[in-house]
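Notes to accompany the following structure.
The values are calculated or read from the model by the stated rules, or taken from the named source; none is laboratory data. Bear in mind the structure is a predicted one, so any value in this text is a computation, not a measurement. Methodologically, a virtual Cβ is constructed for each residue, glycine included, from the backbone with ideal geometry; neighbour enumeration extends over all protein chains shown. Accessible surface areas use protein heavy atoms only, side chains included; no ligands, DNA or RNA. Shrake-Rupley method; radii C 1.70, N 1.55, O 1.52, S 1.80 Å.
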Amino acid sequence: MMDFLLILPVVLSLLILIISSKLRYYFALFITLYVSVISSIPAISLLINFGSTPFVFYIFSTEIIIDNLSAFFMIVTNFTMLTGMLFSKGYLQPYLSKKSSYEIAIHYCNYLLLHVSMLLVLVFRNGFAFLIAWELMAVSSFILILFEGEKRSTLKTAVNYLIQMHIGFVFLLIAFLICQSETGNISFDALKIYFANHNNSFLFMMFFVGFAIKAGFIPLHTWLPDAHPAAPSHVSGTMSGVMIKMGIYGIIRVLSYVHFDLYLIGFFILLISAISGILGVMFAIIQHDLKKLLAYHSIENIGIIGMGIGLGTIGLGINNPLLVMLGFSGALLHVLNHSLFKSLLFYSAGSVYKNYHTHNIEQLGGVIHKMPKTAAFFLIGSIAICGLPPLNGFISEFLIYLGLFKGLTTGTFHNSILMLLAIIALVLIGGLAIFCFTKVFSVVFLGTSRKKMENEVNEVGNDMLFPQLLISLAIIAIGLFPMIFIKPITIIVSGLFKINTDSYILSITDTFSKIGIISITLIVITGSLIILRSKMLKKRKVNYGTTWGCGSANISGKQQYTGSSFANNFSDIARPLLHIKKEYNQISENEIFPAKRSFYTHPEDVFKKTILKIVDFLMMILKKLARLQTGQIQHYILYAFIFILLIFILMYLKFI
Amino acid sequence: MISFLLILITALFFPGIILRIKSITSGRKGPDILQPWKNILILLRKSSTFSSTTSYIFQIAPVIYITTIICAMLLMPFAGYKLIFGFNGDFILFAYLLALGKFFFILSAMDTGSSFEGMGANREALYSMLVEPAFFILIGTIALLTGYTSMQEIFANLQLANHYYFIISIILIYLLIQIAMIENSRMPVDDPKTHLELTMIHEVMILDHCGFDLALIQIGTTLKFAIYGTFIANFVIPVNLPIVLQLSIYFSTQIIFAAIIGFLESFRARKKLMKNPQFIVSLSSIALVAFILSLLLLHQMLK
């Protein structure tokens, strides 16, 4: 029976290729709903009952296990995939006339396959089954990115994505094979045996690199800022929201089996995450492309999640259950939070793109007057991603902060310094995120428009606003009632790492109920003050005029601060770390009446440049080697002869 | 709740004292101590003019600015007395609440589409980002000294924690005064009395606010000063004194703090804008020195 239930969605998603184009969306929505419901039932029942016994069943004699950790990630996946599907209806509307019916069908088919493959990644414990699901995930998302494949840049990006995913795949494959050669078994459970008897850090590093490419840790992130903008908005929302989290899932899953070297591993993860967080947001600030900017913020948030994981692992290493609980709970909650606010931001950016046909923030402006609801959703997303109260981002960052401060006060000398540096990193990430999102929101949505639009722009339809409303409600709920969400997460963590956290639950409950009360107070006071203010203003005469312009009444949109000028004082300070190419010609001395000028900035990713340099070097060597390939059969026979001779000599000298 | 009321009372006189000191040092008699509040009351009664480029963000931002400050006041402890809202890590919420207010404040400035206000907004965003680490290292230092992570417990135990406290507290109080000056856009970084829009930060951001909204912003700024004054007072009020003495120490600290600001602003020139980031980052490094110092002292003591 279970076999049938699980195979059905795969068959149905292939059926979508032949269904009539009118019904196609509803059919796809139905399958998404079906998959979500069928997988959420065991997941939710597991999390509600706090049951520690995982569900185990078999399809085609392959073991499927749903434990607390899988269940948590499954719910996150289902919610985001569902909102993405809802959003796609409105977003793909203009493409229906441009694209052939088959292209749309293939898109939906792959969207469903991505959903199914992610769920399978979460439930398979057998190494080969896991890798197949992992591969299916990479390929289906590759085709999703390729949606606008007629653009050359998109094609290039997608192929780049596919190659990088396979590099990650090779690392995972080798890691599993090492495990098999030592234990005779290829599964996550075999890792437990391996880690108990062998050097831990090496195999963990293999897994970490494999998973980190998917998650987008710097310097393995180079696919991410290209792939997210290239994909349609609902796909970038789901890819950034949940797909990169599969890497996080893998890291946590492997960590739960690691025995030794935990302090060292934790230190390493904390370090690389802090770097990812800070550099991610620094790269984000200098971007002009709205979706690229959001993609860099994914790297930043992966950094924050990683800092939670690193803190928790250090806690495991020094045997401090409080740090384990705060670190991993913060990381897991941030996984959920990021999936919410990042998909929300990508969706509302998609709404803007649908109406303005540009991602370049320098050409937008004053969008709030045309699309007030979209602006409100983007604002909610911005506050949440900056980690500001009273929304959800604050709660998860708070958990990690609290863990770091606890580590500071209880730790040893080295530990205290490490924790303080991590705190500084987290503070910087928060501050830079605020800098970045005040820039994006104000340049895109506030002020007046910078470019003349040909036709009138209106708010997007309700079908696109509804999924954003759903996500916003979830964001607010987590912010105002954090305890409801933290409790199950602490239970997942304590079950996964077999620690006893009961003694800390009381103080955590107290802390978060007070945060909830203050958040509600904040909203109540704000609400009542706004009412008071509007009553006061109603009695008085309110005037409207132009913005004060130093006596000049002729204000145009060109005088506003642009994204580049807002980021200018920051990029001045951070110049050694960032590469920004400026393109302009200076005013010469004898130019009395300056001619018309333009000014462009091109931000570049330092890591991408470095990698390209290495690739260029390899290409140079390979080109020289290519001379051997003459195309004449005699030469090849000669090579074979030399090779045999070489082996003969080596054997004679007893080297092999 | 004590600190909440105390901050309200202090805020009444705080701006007046600064103004008086500045007048006296420049050889004038100066206005009534309550004059700044009289000005605010006038503003509260005035009607408003809004820029037609602005949106709802501009209208709600001043309200959010002041509510975040009121909520932050709820978290401020007083001399180790039990606080209703005290919890582990409350200072994180404190800092992030103030950041939320700033977030909306920056947005409201950008909402006008004015080139001046954009300038102020991006300076404010940069400076508040740069000053944040210094505050957190400072909190980290006192958390380390006491071993607690809520402000109320930290201040209840700070002076008793160890006898090196007084050495370190001098650095910490210096830092707090500087942080307070930056957070409130006062002297070495920003001058509220300057009349050139290009060189202002905070004042240039409120060019288009008027009437009720402007009053809210000014009340907020005054309260924020009083909050930082209370913060400093917590460092110096001994926890085991009778409350009357504690209150008198509290008020004299606040008066001295206001006087220091008045004197600093009278005799100190504003820094070049280009030098500001350097100055602000240097505060973090001083804080880092204080942290390392206390870490070393603590480990020496335990041995």
Checklist entry - Can you give the mean number of other chain Cβ atoms that lie within 10 Å of the Cβ atoms in peptide B:83-90? => result 6
Next on the checklist: Spelling out what I want: for every residue of region A:113-122, take phi, set θ = phi - 60°, compute 6.51 cos²θ - 1.76 cosθ + 1.60 (Karplus), and round to whole Hz; glycine and proline get x.
Outcome noted: 5, 4, 4, 4, 5, 5, 5, 5, 4, 6
Checklist entry - With each label point set 7 Å from Cα along the Cα-Cβ vector, what nm distance links A:F599 and A:N319? => result 6.1
Checklist entry - Stretched out fully, how many nm does the piece from B:I84 to B:H195 gain, at 0.36 nm a residue minus the Cα gap? => result 35.6 nm
Checklist entry - Non-local amide H neighbours of B:F50 (under 5 Å, H modeled in plane, Pro and chain starts lacking H): which ones? => result A:N543, A:Y544, A:G545
Checklist entry - Each residue of region A:605-611 in order: what ³J(HN,Hα) in whole Hz does its phi give by Karplus 6.51 cos²θ - 1.76 cosθ + 1.60, θ = phi - 60°, with x for Gly and Pro? => result 8, 4, 5, 5, 4, 4, 4
Next on the checklist: On a 1.4 Å probe surface of the protein chains, which of B:E132, A:E583, B:E203 comes out largest in accessible area, and what is the full order?
Outcome noted: A:E583, B:E203, B:E132
Item to check | At most 13 other Cβ within 10 Å, DSSP loop - GluC sites (Glu not before Pro), region A:402-491 | outcome: A:E454, A:E456
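As a test of reading the structure, rank A:H359, A:H166, B:H163 by solvent-accessible area (1.4 Å probe, protein chains only), most first. Let's see the in-between values first.
Values: A:H359 30, A:H166 60, B:H163 130 Å².
Putting A:H359, A:H166, B:H163 in descending order of accessible area: B:H163, A:H166, A:H359.
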Checklist outcome for this item: Output ordering of B:185-194, A:593-602, B:151-160 (per-residue mean of other Cβ within 10 Å, highest first) is B:151-160, B:185-194, A:593-602
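Return the value, in Å² to the nearest 100, of accessible area buried between chains B and A (probe 1.4 Å, both sides summed). Numbers along the way, then the final one.
Details: alone 13690 and 30930 Å², together 37790 Å².
Result for this pair: about 6800 Å² buried.
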Next on the checklist: From the phi angles alone, apply the Karplus equation (6.51, -1.76, 1.60; θ = phi - 60°) to region A:616-622 and give each ³J(HN,Hα) in whole Hz, x where the residue is Gly or Pro.
Outcome noted: 4, 4, 4, 4, 4, 5, 5
Checklist outcome for this item: For A:R450, the residues 5 or more places away or on another chain with a placed amide H closer than 5 Å to its own amide H are A:G365
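Please report the carbon-and-sulfur percent of the accessible area for region A:459-549; probe 1.4 Å, protein heavy atoms only, DNA, RNA and ligands left out. Write out the running numbers ahead of the final one.
Working: 3220 of 4560 Å².
Whole-percent figure for carbon plus sulfur exposure: 71.
Share of region A:39-184's accessible area from carbon and sulfur, percent, 1.4 Å?
On the way: 3980 of 5810 Å².
The nonpolar share, carbon plus sulfur, comes to 69 percent.
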Item to check | Solvent-accessible surface (1.4 angstrom probe) belonging to A:V10, in square angstrom, nearest 10 | outcome: 50
Item to check | Qualifying lysines (Cα of each under 27 Å from Cα of B:K46; at least 8 residues distant if same chain) | outcome: A:K535, A:K538, A:K539, A:K541, B:K38, B:K102, B:K193, B:K224
Next on the checklist: Give the average, rounded to an integer, of partner chain Cβ atoms located within 10 angstrom of each Cβ in A:572-583.
Outcome noted: 1
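Going by accessible area, probe 1.4 Å, with all protein chains left in place, what is the ranking of A:K292, A:K22, A:K581, largest first?
Working: A:K292 60, A:K22 180, A:K581 120 Å².
Ranking A:K292, A:K22, A:K581 by accessible area, largest first, yields A:K22, A:K581, A:K292.
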Checklist entry - Simple spin-label model, 7 Å along Cα-to-Cβ: A:Y58 to B:Y56 in nm? => result 5.8
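For peptide B:51-63, how many partner chain Cβ atoms fall within 10 Å of a residue's Cβ, on average?
6
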Item to check | Exceeding the 19 Å Cα-Cα cut-off - candidates A:K292/A:K452; A:K342/A:K582; A:K292/A:K342; A:K245/A:K514; A:K291/A:K354 | outcome: A:K292/A:K452; A:K342/A:K582; A:K245/A:K514
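Could the peptides B:7-13, A:436-442 be put in order, highest first, of the mean number of other beta-carbon atoms found within 10 Å of their residues? Walk me through the intermediate numbers first.
Details: B:7-13: 19.3, A:436-442: 27.4.
Answer by packing, highest mean first, reads A:436-442, B:7-13.
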Checklist entry - In debye, nearest 20: dipole of region A:328-472 around its Cα centre with unit charges on the Cβ of K, R (+) and D, E (-)? => result 160
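Grab the Cα-Cα distance for A:S45 and A:N568, subtract it from 0.36 nm times how many residues apart they are, and report the gain in nm with one decimal. Provide the component values of the computation, followed by the final result.
Values: separation 523, 0.36 × 523 = 188.28 nm, distance 5.14 nm.
In short, 183.1 nm is gained.
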Item to check | Using a Förster distance of 22 Å, the FRET efficiency for A:T358-A:E150 (Cβ separation, nearest 0.05) | outcome: 0.75
Checklist outcome for this item: Once both label points are put 7 Å beyond Cα along the C-beta direction, the A:I18-A:I178 separation in nm becomes 4.7
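Applying 1/(1 + (r/R0)^6) with R0 = 51 Å to the Cβ-Cβ distance of A:E459 and A:F648, what FRET efficiency is obtained, to the nearest 0.05? All intermediate terms of the calculation are to be shown ahead of the outcome.
On the way: r = 78 Å, r/R0 = 1.54.
The computed FRET efficiency comes out at 0.05.
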Checklist entry - What span do the alpha-carbon atoms of region A:1-99 cover on each of the three principal axes, reported in whole Å from largest to smallest? => result 51, 26, 14
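Using R₀ = 51 Å, calculate the FRET efficiency as 1/(1 + (r/R₀)^6) where r is the Cβ-Cβ separation of A:H198 and B:V236; round to 0.05.
Values: r = 58 Å, r/R0 = 1.13.
FRET efficiency, A:H198 to B:V236: 0.35.
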Checklist outcome for this item: Per residue, accessible area of the protein assembly as shown with a 1.4 Å probe, heavy atoms of protein chains only, in Å², comes to 39
Checklist entry - Tell me, which residues of region B:93-130 get at least 40 Å² less accessible area when the other protein chains come in, versus the chain alone (1.4 Å probe)? => result B:L93, B:Y96, B:L100, B:F103, B:L107, B:M110, B:G113, B:S115, B:F116, B:N122, B:L126, B:M129
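If each residue of separation counts as 0.36 nm, what is the full-extension length gain between A:T509 and A:Y636 once their alpha-carbon separation is subtracted?
Details: separation 127, 0.36 × 127 = 45.72 nm, distance 7.38 nm.
Using 0.36 nm per residue and subtracting the Cα-Cα distance, I get 38.3 nm.
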Checklist outcome for this item: The answer for A:N360, listing residues at least 5 apart or on another chain whose modeled amide H is closer than 5 Å to its amide H, is A:L290
Item to check | Accessible surface of B:C71 - all protein chains present, 1.4 Å probe, nearest 10 Å² | outcome: 0
